[in-house]
Amino acid sequence: MSSGGTINLTLNSILMLLEAIKELNIASQEKARMKASDGMMHNVDVMVKDENNKDIGFEKQKDGSYAVIADSAGLTPQQLKKQNEFVNKIRQRYAYNAVLNELKKKGYQLAEEGKAEKNTIKLVARRWVS
């Protein structure tokens, strides 16, 4: 029996976020202060720089999740698109690790992995029952 689905992602684990950033070979800084596009200063738990050398931060919310805070001031539409792709790459790696961790907890093993459609990862997991 197989099934597929779409995942709604909420960043809840700072450790998994840091792991995703590390796996993507992105330099990060913990406990930083940054100015976002809204002109406000934000205390973020993790900060990275995108390809435009703009700050991207992950700020803990009251519910325990992490919001993405970005400095996109002065970016062209093309640069803004690249910035969004950069953030989505981090979110995708976070989701990948979260799914694998959850599968392992439930006794599944990764049987196959590959790229599906544009920016989509296909995972096939199996669990043997007796």
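The values are calculated or read from the model by the stated rules, or taken from the named source; none is laboratory data. What you see is a predicted model; the values in this text were computed from it and never measured. All Cβ positions, glycine included, derive from the backbone under ideal geometry; neighbour counts span all protein chains shown.
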Item checked: Filter result for the condition that a residue is assigned to a loop (DSSP other than H, G, I, E, B) and out of contact with any Cys (no Cβ under 8 Å at 6 or more places or on another chain), over Glu85, Glu117 -> Glu117
Note to self: Any residue at all in region 31-48 that's closer than 21 Å to Ala116 by Cα and part of a loop (DSSP other than H, G, I, E, B)?
What the structure shows: no
Next item on the list: For residues that are closer than 14 Å to Ala73 by Cβ and surrounded by fewer than 10 Cβ atoms within 10 Å (Cβ to Cβ), scanning just region 3-40, find the one that is modelled with the lowest pLDDT.
Entry: Gly39
Next item on the list: Pull up region 41-97, narrow it to residues that are in contact with a helix residue (DSSP H, G or I) (Cβ under 9 Å, 6 or more places away or on another chain) and aromatic (Phe, Trp, Tyr), then point me to the one that is farthest from Ser13 (Cα to Cα).
Entry: Tyr96
Margin query: Return the residues of region 88-112 that are among the polar types (S, T, N, Q) and either surrounded by 14 or more Cβ atoms within 10 Å (Cβ to Cβ) or in a helix (DSSP H, G or I) (or both); say none if nothing qualifies.
Written below: Asn88, Gln92, Asn97, Asn101
Next item on the list: Six or more apart or on different chains, Cβ under 7 Å: which pairs go from a residue in region 26-40 that's hydrophobic (A, V, I, L, M, F, W, C) to one that's in a loop (DSSP other than H, G, I, E, B)? Could you list them?
Entry: Met34/Asp71; Ala36/Asp71
Check: In region 10-25, what residues are in contact (Cβ under 8 Å) with a residue 12 or more places away in the chain, part of a helix (DSSP H, G or I) and farther than 12 Å from Ile90 by Cβ?
Finding: Ile14
Notebook entry, point to check: Are there any pairs, at least 6 apart or on different chains, whose C-beta atoms fall under 8 Å, with the first in region 99-119 and within 19 Å of Val129 (Cβ to Cβ) and the second assigned to a loop (DSSP other than H, G, I, E, B), and if so, which?
Noted result: Lys106/Arg127; Gly107/Arg127; Tyr108/Arg127; Gln109/Arg127
